[in-house]
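Here is the structure we will look at.
The values are calculated or read from the model by the stated rules, or taken from the named source; none is laboratory data. Not measured: the values here are computed from a predicted model. Cβ coordinates were reconstructed from backbone atoms using ideal geometry, including for glycine residues, and neighbour counts include every protein chain displayed. The area values use the complete protein model at the heavy-atom level, side chains included, leaving out ligands, DNA and RNA. Shrake-Rupley method; radii C 1.70, N 1.55, O 1.52, S 1.80 Å.
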Amino acid sequence: MIRLTRLNKSYPMASSKLHVLKGIDLSIAPGELVAIMGASGSGKSTLLNVLGLLDGYDDGDYHLDGQRIGQMSETKAAGLRASLLGFVFQSFNLIPFKTAVENVALPLYYQEVPRRKRNKLAEEYLDRVGLADRAGHLPRELSGGQQQRVAIARALISNPKVILADEPTGALDSQTSLEVMEVLREINATGVTLLIVTHEREVAARTRRVIRLRDGRIEGDGPPETVFGTASPAPAAFAHVVASTSDSAPAAVLAT
Amino acid sequence: MTHLLDLDHWQEIRVALLRNRTRTLLTAFGVFWGIFLLMVMLGSGSGLRNGVLQGFSDGATNSFFLWTQRTQKPYAGMPAGRGIRMTNADVAAIREKVPEAEVVAPRNQLRGFGGGNNVSRGRKTGAFSVMGDYPEIRRVQSLRIETGRFLNPIDVEESRKVAVIGTRVRELLFARGEEPIGDSIVIRGVYFQVVGVFVSPQTGDAAERDAQTIFVPFTTFQRAFNYGDRVGWMAIISRPDVPASVAEEKVLSLLRSRHKVAPDDLRAFGHFNLEEEYTKIQGLFSGIRLLVWIVGVGTLAAGVIGVSNIMLIIVRERTKEIGIRRALGAKPSAVVSQIVSESVILTSLAGYLGLVAGIALVVGIGRLLPPGGAGMFLDPDVGVGEALQALAILVVAGVLAGLAPAQRALAVSPTVALRSE
C-alpha cells in the first residue's frame, strides 16, 4: 500500500538546509495497523506530511496504492488525498460553525457529491461511530472524544484506503483515548490501512507494528513487544482501563 | 465549479461574512458609499444637463441668428462705424443664393418688455415684447399652443392683424375666465385680433420673458408700425445635411457683399449659432459625466480596497481552517472560488444597496422638484445603462478584490492542518 525507498527530505533554512528525513525505507502492506513513534524533532510529522501528500520530498521514491508519487500539481494532490487518504488530527480540526453531520460530509462536498446524498452518507458514518443522535450538534457542544469520533467519521466517509492519524488521542484523557483507539481498531479490522503517529506507548502498544524514528532515520521496526521490549511501562491505571474495556488488548500491555 | 450551485457554498459565505458583523458592515459601507455617491452624482449631472438643454428643447439646433451692428473697417469708399440696415431684399437674396439655408425667417421686435406700456385692451395696459414673425419661427423657438392657433402663412401673405399672446399677456389684459380668442388688443394704436395663446416650455427667466411676448405676422408688423421693408434680425435654419456653421458663413459673405462691408470685417454683422452653443454645452456635460465617473469609480475603488483588505484578514484568521479543508481534498480552485465568492457577494450586495439607495434619492429629489424643474435642474435620472454598468463594475471589482486574498489562501500549506496550537 505504501512504499518508501531511500526517501530524503530537507527544509531550506536561512543559510543551510535542515535535513529531516535521511533515507527512509519503509513498506506497509494493505490492512496494517502501524504506529509511528519518535521524540519531537525526530521527523515523524514531516514523514506524515509526505505520506499524506501534504508536502513533497527531495529524492527517493514514494509509491501509494501502486502509484508513484512524484512532483505533482496541488490540484492532483488534492484529488489523490480526497480519493485515497483520510486524516484524523490531534486537535480534531472540525470546522467550528458546521454541525457534526456537515463536518462529516465535508470531504464529499469537495468531491462534488450532491448535498442530499452526502448528508445521508454522513449520517450513516456518524451512526457507525455511535453519534447518530448528535448529528445536528456543533463541535463545541460535543465532548473531546465525541469530536474525535466525528473526525474519524469524516476521515472514513470518502472510503479511503489509508487513514493517517496524527496523535489522535493527544488531547484526550486515557479513558476516552481507549475508546477512540477501539474505534480506530474496528476500522482497521474492515481492511483500511491505519497509520498512527503517537508518542504514547499505550497507544502504540495497541497496534500491530511500531516504527520508531530517531533523527530522521528508522531506528526500530517490528511488533510492539519487540520494539518496546518485554517490560512494557504502561501505567497500572491505564492497564486497568484496558483490561476492563477490551479483551483484545495486545499481550504486552496485559503482561504488566 | 458545480459547487456554486450547492447550498452549502452559499451557507459558508453567509457564515463567513456574519462571523464579524461589525467588521463586515463597515467594510460593506465603503462600497455602499462609493456607489451611492456615484449614483447621486450621475443623477445630479443628468438633472443639470436636462435643465440646461431644456433651453434648446424642440428648437432646431442647426439654426443661427443674425443681426446688424456697425462696420469696423472702411471699405469701398465708405467709412468705418457705418450702420447697416437689412431689408426684405436681403431675405429674398439669401433665399435665392444660399440653398444651404432651408428656412429664412426675418424678424422685427417692438421693445416693450421692461420699457413703457405699448399694448392695451380697454382700461388694461401692459408693456410686452411684440415680435413680427414668420410661422417657421416655431422651428427655432419651441412654443406650445395652449388655445387657438399659431401664425400661419396666410396671415403673413395677407398681412392679417392677428396676434398670438403669451400667458402673462392674457393674465394682464383679460379678466380671469375671460376668453381671449377672437377678442382684440391694441398694439401701438393698432387693433389686432387674438387667435392663440401659447405656453413656453422653457424654465426660469426665459419662460417669464416668453410669457410676456406677443407674436404678429411679419408683414403686418412692417406695415402697422412703419417699418417699411426693414428687417431687424433673422433666424436661419440650415438644411439637415448641412452644418449650420457652413450656411452661416455663406449667408454672412453674401450680406457683406450686398452691404459693401469689408470681407474681413467680422463685427459688422452679429450672429449667434445655436448649433455651436449646443455642441459646446453637450461637450461640457460629457466632461462633467466623465469627471463624475472618475470621482465615483475612485471612491468605489477605495471601498473595494477595503474589501480586499478585510478579505486578507479573514484569510489569515482562517489559515488553519483552509489548511484543514485542503487536507480533506479541497482543490485550489475550490479555495479560490470560496474566497472570490465571498468578496463578490460582499461587494455586489453592498453595492446593490448603494445603487438602490442612490437611485431612490435621485428619484425622490426629482419627485420633489416642481414640474418644469427648479432653476437649472430638471428630471434628475440615472439611466438603466449606467446602473447596469455600475453593477458590472461592482462584480468585476469584487472579483479583483478577492484575487489577492485568494492568492494568499492558496499559499496556505495543507500541512498547517497538522499543526496543533
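In straight-distance terms, cross-link reach from B:Lys73 covers every one of the lysines whose alpha-carbon lies under 17 Å from its own, apart from those fewer than eight places away in the same chain; here that gives B:Lys260. The residues of segment A:36-66 listed by number as losing at least 50 Å² of accessible area in the complex, against the isolated chain and with a 1.4 Å probe, are A:Leu54.
Which percent of the accessible heavy-atom area of segment A:1-71 goes to carbon and sulfur, probe 1.4 angstrom?
C and S fraction of accessible area: 49 percent.
What the Cβ-Cβ distance of B:Leu349 and B:Val384 gives, at R0 = 25 Å and to the nearest 0.05, is a FRET efficiency of 0.80.
Look at the dipole of the protein assembly as shown built from charges on Cβ: of B:Ala262, B:Thr167, B:Pro380, the Cα furthest out on the positive end belongs to B:Ala262. Here segment B:105-232 has 43 percent of its accessible surface on carbon and sulfur atoms, given a 1.4 Å probe and all protein chains in place. Antiparallel beta bridges, as assigned by DSSP with both residues in the protein assembly as shown, represent about 70 percent of the total such bridges. Taking the Cα centre of segment A:2-254 as reference, the dipole from Cβ charges on Lys and Arg (+1) and Asp and Glu (-1) amounts to some 580 debye.
Most simply put, chain A has about 55% antiparallel DSSP beta bridges, counting only bridges with both residues inside it.
Residues B:Arg149, A:Arg81, A:Arg214, ordered by accessible area of protein heavy atoms at a 1.4 angstrom probe radius and largest first, appear as A:Arg214, B:Arg149, A:Arg81.
The portion of the accessible surface of segment B:287-421 made up by carbon and sulfur, rounded to a whole percent, is 73 (1.4 Å probe; DNA, RNA and ligands excluded).
With the charge dipole of segment A:88-230 set up from +1 on Lys and Arg Cβ and -1 on Asp and Glu Cβ about the Cα centre, the Cα lying farthest toward the positive end among the listed residues A:Ala189, A:Gly222, A:Gln111 is that of A:Gln111.
The residues of segment A:1-69 have, on average, 43 Å² of accessible surface per residue, using a 1.4 Å probe with all protein chains present. Normalised per residue, the accessible area of segment B:168-246 is 45 Å², obtained with a 1.4 Å probe and no contribution from ligands, DNA or RNA.
Kindly flag which residue pairs out of A:Lys120/B:Lys331; A:Lys9/A:Lys117; A:Lys44/A:Lys117; B:Lys97/B:Lys161 have an alpha-carbon separation exceeding 29 Å in this structure. Pairs exceeding the cut-off: A:Lys9/A:Lys117; A:Lys44/A:Lys117; B:Lys97/B:Lys161. Of B:Ser348, A:Ser42, the residue with the largest accessible area leads and the full order is B:Ser348, A:Ser42 (1.4 Å probe). Solvent-accessible surface of segment B:292-389, taken per residue with a 1.4 Å probe and all protein chains present: 42 Å². Backbone phi angles across segment B:31-43, fed through the Karplus curve with coefficients 6.51, -1.76 and 1.60 (θ = phi - 60°), yield HN-Hα couplings of 5, 3, 5, x, 6, 4, 4, 4, 5, 5, 5, 4, x Hz in residue order; Gly and Pro are listed as x.
3J(HN,Hα) along segment B:123-133, derived from phi through the Karplus expression 6.51 cos²θ - 1.76 cosθ + 1.60 where θ = phi - 60°, amounts to 8, 8, 9, x, 10, 10, 7, 10, 10, x, 9 Hz, with x in place of Gly and Pro.
Here the dipole of segment B:318-421 is about 680 debye; that uses its Cα centre as origin and unit charges on the Cβ of Lys and Arg (positive) and Asp and Glu (negative).
Given +1 on the Cβ of Lys and Arg, -1 on the Cβ of Asp and Glu, and no further charges, what dipole in debye does the protein assembly as shown carry about its Cα centre, rounded to the nearest 20?
For this selection, approximately 1620 debye.
The residues of segment A:72-94 listed by number as losing at least 30 Å² of accessible area in the complex, against the isolated chain and with a 1.4 Å probe, are A:Glu74, A:Thr75, A:Ala78, A:Arg81, A:Phe87, A:Phe89, A:Ser91, A:Asn93. What's the buried accessible area, both sides, between A and B using a 1.4 Å probe, rounded to 100 Å²? Counting both chains, the buried surface is close to 2700 Å².
Between amide H atoms placed 1.01 Å from N, distances below 5 Å from B:Val162 occur with B:Gln193, all of them 5 or more places distant or on a separate chain. Of the whole protein surface, B:Lys331 contributes about 70 Å² of accessible area at a 1.4 Å probe radius. Exposure check, 1.4 Å probe, all protein chains in place: A:His19 carries approximately 90 Å² of accessible surface.
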